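The values are calculated or read from the model by the stated rules, or taken from the named source; none is laboratory data. Since the structure is predicted, the reported quantities are computational estimates derived from the model, not experimental observations. When we count neighbours, we look across all protein chains shown, and the Cβ atoms used for this are built from the backbone with ideal geometry, even at glycine. Ligands, DNA and RNA are stripped out before the accessible areas are found, and what is left, the full protein with its side chains, is counted by its heavy atoms. Shrake-Rupley method; radii C 1.70, N 1.55, O 1.52, S 1.80 Å.
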Amino acid sequence: MSELRNYHAAVWDEPLVMELSAPGRRGNVPPAPIAELDPATALPGAVLRQAAPALPEVAEPDVLRHFLHLSQETMGMVGISLFGTCTMKYNPRVGEQLSGRDGMAELHPDQDDSTLQGLLEAVHRFDLMLRGLSGMDRFVFQPGGGAHAAYTHTAVTRAYFADRGELEQRREIITTAQAHPCNPATASAAGFDVITLPVEEDGYASLDALKAVLSDRTAALMINNPDDMGIYNPHIKEWVDAVHEVGGLCFYDHANFNGVMGRLRARELGFDACMFMLHKTFGVAKGGGGPAVGAYGCSEELATYLPGPLVEATEDGYVRRENPRGVGRVREYLGNLNQVVKAFGWLTAMGADGIREAADISVLANNYMEVRLLELKGVTKAFPQMTKRRLEMTRFSLEEYTAETGITAVDVQNRMGDYGIDAFWLSHEPWIVPEPFTPEAGETWSLEDIDYWIDVLAHVLEEGRSDPELVRTAPHQQVVGQLDGSSLDDPEKWATTWRAHRRKSGRG
Amino acid sequence: MTSSGPWAARARVLGIVVNPVAGMGGRVGLHGTDGQVELARARGAEPVAPARARRALARLHELAPDLDVVVAPGALGADHLPDATGWRVTVLDGPEPGAETTADDTRAAVSALVAAGVDLLLFVGGDGTARDVAGAVWAVCDDCVPVLGVPAGVKMHSAVFGLTPETAALAASRHLAAPERHGTRQAEVVDRDAAGDVRLYGTVQVPALPAGVQPAKGAPAPLADDATALAAEVAAELEPGRLYLLGPGATVDQVGHALGLATTPLGVDAVCDGRLLAVDADEATLLDLLARHDRATLVLGVVGGQGFLLGRGNQQLSPAVLRALAAADPAGLAGILVLATPAKVGALPEPVLHVDLDDPELAAELAGYRRVRTAPGRSTVLRVET
Amino acid sequence: MAHPYMPNSAAESKATMMAAVGVADVDELFEQIPEDHLARESNGLAPGVRSEATVRRLVRGLIDRNDDCVANLSFLGAGLWQHHVPAVVDEIVTRSEFLTPVWGTTSSDFGRNQAWFEYASMLGELLAMDFVGLPVYSWGSAAGNAIRMAARLTGRGEVVVPASISPERLMVIRTYCGLVGGNDPISVRLVDFDPASGTVDVAALGLGPDTAAVYLETPNHLGVVETAVAEIAAAARANGTETVLGVDPISLGLLAAPGDLGADVVVGSTQPLGVHLHAGGGVGGFIATRDEERYAREYPTLQVSVAETTRGERSFGMTLFHQSSYGSREDGNDWTGNSVYLWTVANAVYMSLLGPQGFAELGRTILANARYAAGRVAELDGVTVRWPDGFFKEFVVDFSATGRSVADINAGLRAHHVFGGKDLSTDFPDLGQSALYCVTELHTADDIDALVTALKEVLA
Ligand SMILES: Cc1ncc(COP(=O)(O)O)c(C=O)c1O
């Protein structure tokens, strides 16, 4: 085992910006008006603000330093983060730099197409690249995340069946307990009933269970494969065929694409639609949770129902056109195109060889981790009876370790933070595996970082045996200690704003 | 808690009882410890409940350092208290229990705790203990006092246990802080009877708490265990003129409640056109009813944590009754409605339901994948095995 | 050759891992995937470009081919507005620490969570609302989510929306409201606005027993400040209807706080608060209410709450997590997922910089500049400004009397490096050949001169 780093997170004891306020200070001064105008003469008094908002008064350098302190109190990928199913990877800084140029940052979507040719070309070329990767016939980038792409699918499904006069009958969307929660959740939000198939012995749901619920009420199947345990359902083609047989549509949540990039094409497997996450697989920064893009691609048949506008190449250049029978919009404008342009740059840099290699490295690195992790006492693998090698992730469990020490996966996660390692992925709801943890090495993390991660885990597990309190009360070398969550769901204590907190704590 | 809530007027009282021998049989291959303590000892079993009690109580003391506590004497409770500075502890009167504590000791302690006016009864044990506790609570005042189990038994199929001693402590502290806020829900107490069959012994109230402490995007939320909305949906679908046989269990019983009928959670009830035709019907009654209706549907819950659909706790639904059902309705067996809350489904060791009938042909007909309704507009599919 | 983004593409690292795993060929690791699932057709991608210089040149070429709103003088707005983005905002949101986190622990994400809490706190001050969720994808999404909250709260199935609403946003709302045939669709009933004032009043709404929500915006899409919000909110409340109010947060140093107007759920765009246009990639939508359990329990978002550590330090955690789709899958409220959280940090920096004085001055400058520009434009022959007394930063310019179409005029303006206002002629035919002009603090007297000169030439 290598020497562990002597890490300590930055601790600034940073006040809230509201607490930095001193009367009269200014952080930004807007331009003076072209011509003075007294608002009271321009608008009725009743629509004007009476009392000024209680915002902080802070000078510009102090605002800068405050947020620099907060940035330093955030680990991000400055530390090591193997957060599974989110595919933590390098976000090339050249993309950040370029998207800050006026030719991207200062474009308005209501500009005439003739003024947006470079942008529309990038969008179209990236669409073509994703068509190549998936076999789908067209992509849109309007969905602002993976879940939003799933929602787009439910909206497209609705439009498709409404067009056939079958919406009232096609009320059911089928998914599995291992599918990401956004699949059932968006199905429900779009007005469908949800059928969730359980995961069986092999780590996926069975074809017979699917067949037991397929009927002329079936609207769609929504599923990710491989899932976030690195398990691939080898019967997926039969699944798709069975759903098609009763007239349903099949949506492929391809969030876990990293291990199969270049090897699988959703359309060839029979899917009608799929989703890629540009903020995971395609090198775009997470940003702590967006701006994101769930690129939604589908067959020609479903393209009729896509939200508009669609970007097309014509002899007179690139144009946007509405999609008259489509679902209108799932949000405003074409999408987070700043992120599309970054993903376009990333995919260009990676190319056909690069993504294939990235997938290989992701799967290799995961299997390497698995070999080392399973040597640790107290670490087991979910669905061990499924003996085939996992893809880019493996679901592990600390159940035995917890039984031995009383220390949970969350405790271990907290303690690993003391060594500069950010949280691992546990598991989605429902927790079918107790005390789960799911690292994903991807192609970005070096062998040395991966080894360090495992060394830290090994060390923390030992600490938990020799000094359980140390681990149970972790972290100790972080910005702050362990959260006491007991007030979070208490209406008399929760406070999402400072004004609510002051009122509730009697400091109003 | 701040003192503004209406329930803050008086301090909350926690009652504690520990079955010190619970769980001993587990590691030595016994299916429970009740009545088998000697055998378990002989096989080298060590007590497990005291350590689990201490884990739960230590955590509870951290979470709720200021509490009124009434505790059974000696090994039944007081011995396992943490250094409880800040807790106002009352130890129940009565003789120190002997070395071999029995179910009677548990029951006596529970009666005394209920009499002492506790707001929550925290017990440490397994299904057998839960049964004793529930029985004793009912004997005094139906299900007036909410109960919560610290898991320490061999079998824990009753829906009254925290996932771990620590989560039980968390749930207890939240409930005691504001019982009215979260309310309680009805939960089943099940255990194996002398013949080894899983039986439903009764229901108790347990604290209904939303998710515990969670990091973002992690940690499991307790699964919903409230069947009222599902029951209302099913009740609204009932066809006129059709006979409905409502099987045992708290989930199916809610259908009766949704119809405003005094059905029983322990037996099979028969309903038609909003009227209760039979309560806790036996086989003969069921056969008679089926003979008099040409359309019938059986509504079943899932018994206990084992996932029994038929053949445990509902033997009155005999092969003869099932055949009569199939005869009454061509879709009879396929049309059996299965209801189970997400918590019930989640508690199954595997996504499998069991049927145990002395009629292999009939059992085979029932086998295969079957849709199970879990909430309005929600369902899952479980494999029925024989 | 190793790829610069992939440390383990160096042969030695790979060899070490292969040896440990015990495979001779990486293909062996893909044994789960049946042979006949593997891609048959080529994906057509070109070989990768390892040189950053080359990639940069290619992408930059595309970006720089666009005509942007800096090199050109833009009067486009309509829900996405060019305001000044202070340098400190850009400095902060390009920090790696804020660019790269996903879901750490409450300790490792501490700084980000504090920034999020500050965002919600300051926005709450602007809105006079105590409960603020983390943002959703866009204003339209926020409106959609809020209307769905209202439908769940009231058990009713209709939302009333003034016809002045942005067609872009209306399409989003319609999607979120669902279709008849599914479970619990919400019907969207459009009501006319008063052509004389551009506003709506209580009578226009026709509140009924099934009205779950009124969705109103001020200033509305046509730029006009609604004058009857308080009366509408009161009438709605009396009818058991929730008032969902859409606002432009940058107006709130000047215009009345929505909380003070009696709104129940407030939504709007976070983009004006320090986020660039990004061709529409700068959008984000907030949702805020009073801090009442009734509302809090219907949020579909994640929310950051101030809390304490076990050692008594101040920290932050997610409140009501279990009611999100992460916590409860299909039983959660709508759904959540990656959103626009980096912009939340931008918003926090922006509001900190402006402070109470900055927002007040900004509101006055924008109002004054927009009124000045409208006055100048209205001097042109055949050009009129509709509702010249009721708007904040956007106004409707009617070119009908010039006999020219807006499309034609805007094409002419482009030759002068001017992006004219958004063409309303298709979406609002009753307004004739009208365009929606947006003027902000960024416009100068010279800019307005340039517009007027260009318009004169184009209309000549
Ligand atoms: C498998 C899978 N599908 C969908 C999603 C949802 O993506 P987003 O958070 O971008 O909405 C995720 C993200 O966690 C995922 O892992």
Which numbered condition trips up A:Q169, out of (1) within 13 Å of the ligand (Cβ to nearest atom); (2) farther than 21 Å from A:G326 by Cβ?
-> (1)
Taking the range B:76-96 and keeping only residues that are part of a loop (DSSP other than H, G, I, E, B), open to solvent by 80 Å² or more (accessible area, probe 1.4 Å) and more than 20 Å from B:A51 (Cβ to Cβ), one is left with B:T85, B:D93, B:P95, B:E96
Enumerate the pairs (first residue in the range A:191-209 and under 30 Å from C:G178 (Cα atoms) and among the β-branched types (V, I, T); second residue anywhere and open to solvent by 20 Å² or more (accessible area, probe 1.4 Å) and in a strand (DSSP E or B)) with beta-carbon separation below 7 Å, excluding pairs fewer than 6 apart on the same chain, so at least 6 apart or on different chains.
-> A:V194/B:R378
In the range C:166-189, is there at least one residue being in contact with a strand residue (DSSP E or B) (Cβ under 6 Å, 6 or more places away or on another chain) and under 24 Å from C:Q82 (Cβ atoms)?
-> no
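Let's see how each residue does on (1) under 21 Å from A:P143 (Cα atoms); (2) within 12 Å of chain C (Cβ to nearest Cβ); (3) more than 15 Å from the ligand (Cβ to nearest atom):
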position: A:M222; (1), (2), (3): yes, yes, no
position: A:D228; (1), (2), (3): no, no, no
position: A:V240; (1), (2), (3): no, yes, yes
position: A:V243; (1), (2), (3): no, no, yes
position: A:D253; (1), (2), (3): yes, yes, no
Search the range C:143-169 for residues that are within 12 Å of another protein chain (Cβ to nearest Cβ) and pair each with any residue that is outside any loop (DSSP other than H, G, I, E, B) and basic (K, R) when their beta-carbon atoms are under 8 Å apart and the residues are at least 6 apart or on different chains.
-> C:A143/C:R169
Please tell me if B:L298 is touching a residue at least 24 places away in the same chain (Cβ under 8 Å), open to solvent by less than 10 Å² (accessible area, probe 1.4 Å) and under 23 Å from B:A187 (Cα atoms).
-> yes
Residue pairs qualifying under the 6 Å Cβ cut-off, at least six apart or on distinct chains, with the first in the range C:91-103 being in the same structural domain as C:L302 (by TED's automatic domain parsing) and part of a helix (DSSP H, G or I) and the second being aromatic (F, W, Y) and crowded, with 22+ Cβ neighbours inside 10 Å, are C:I92/A:F67
So A:F424, is it open to solvent by less than 20 Å² (accessible area, probe 1.4 Å), out of contact with any His (no Cβ under 9 Å at 6 or more places or on another chain) and modelled with pLDDT under 95 = yes
Give me the pairs: first residue in the range A:126-137 and on the phi > 0 side of the Ramachandran plot, second residue of a type in the set (G, A, S) and crowded, with 24+ Cβ neighbours inside 10 Å, beta-carbon distance under 9 Å, and six or more apart or on different chains, which are they?
-> A:G135/A:A266; A:G135/A:G297
Just one of A:E400, A:E375 is open to solvent by 40 Å² or more (accessible area, probe 1.4 Å), more than 14 Å from chain C (Cβ to nearest Cβ), on the phi < 0 side of the Ramachandran plot and more than 16 Å from the ligand (Cβ to nearest atom); which is it?
-> A:E400
In the range A:485-504, what residues are buried (at least 24 other Cβ atoms within 10 Å of the Cβ) and in a helix (DSSP H, G or I)?
-> A:G485, A:W498, A:A500
A:E201 vs (1) more than 9 Å from every other protein chain (Cβ to nearest Cβ); (2) more than 11 Å from the ligand (Cβ to nearest atom); (3) modelled with pLDDT under 95: all pass except (1)
Single residue of C:V345, C:V397, C:V340, C:V418 found to be of a type outside the set (D, E), in the same structural domain as C:D248 (by TED's automatic domain parsing) and away from the ligand (no atom under 16 Å from the Cβ) | C:V345
Would it be correct to say that C:E313 is out of contact with any Gly (no Cβ under 8 Å at 6 or more places or on another chain) and surrounded by fewer than 24 Cβ atoms within 10 Å (Cβ to Cβ)?
-> no
Candidates A:P143, A:P184, filtered to the one that is assigned to a loop (DSSP other than H, G, I, E, B), within 16 Å of the ligand (Cβ to nearest atom) and touching a residue at least 12 places away in the same chain (Cβ under 8 Å) | A:P143
Go through the range C:270-303 and count every residue that is touching a residue at least 60 places away in the same chain (Cβ under 8 Å), outside any loop (DSSP other than H, G, I, E, B) and either β-branched (V, I, T) or under 13 Å from C:Q82 (Cβ atoms) (or both).
-> 3
Which listed residue, of C:N8, C:N66, is out of contact with any strand residue (DSSP E or B) (no Cβ under 7 Å at 6 or more places or on another chain), within 30 Å of A:N338 (Cβ to Cβ) and in a loop (DSSP other than H, G, I, E, B) | C:N66
Can you give me the number of residues within the range B:273-322 that are within 30 Å of B:A343 (Cβ to Cβ), at pLDDT 90 or above and assigned to a strand (DSSP E or B)?
-> 7
Taking the range A:260-281 as the search range and keeping residues that are open to solvent by less than 10 Å² (accessible area, probe 1.4 Å) and away from the ligand (no atom under 12 Å from the Cβ), which one is farthest from the other protein chains (Cβ to nearest Cβ)?
-> A:A273
Within the range A:187-217, the residues that are part of a loop (DSSP other than H, G, I, E, B), open to solvent by less than 20 Å² (accessible area, probe 1.4 Å), farther than 20 Å from A:N256 by Cβ and of a type in the set (A, V, I, L, M, F, W, C) are A:A190, A:F192
Selection count, the range C:306-321, where residues are in a strand (DSSP E or B) and at the interface with another protein chain (Cβ under 7 Å from one of its Cβ atoms) | 8
Name the residues in the range A:92-113 that are surrounded by fewer than 23 Cβ atoms within 10 Å (Cβ to Cβ), in contact (Cβ under 8 Å) with a residue 60 or more places away in the chain and not acidic (D, E), would you?
-> A:P92, A:V94
Output the number of the condition that C:G432 fails; it satisfies all remaining conditions of (1) within 13 Å of another protein chain (Cβ to nearest Cβ); (2) over 29 Å from A:R49 (Cβ atoms).
-> (1)
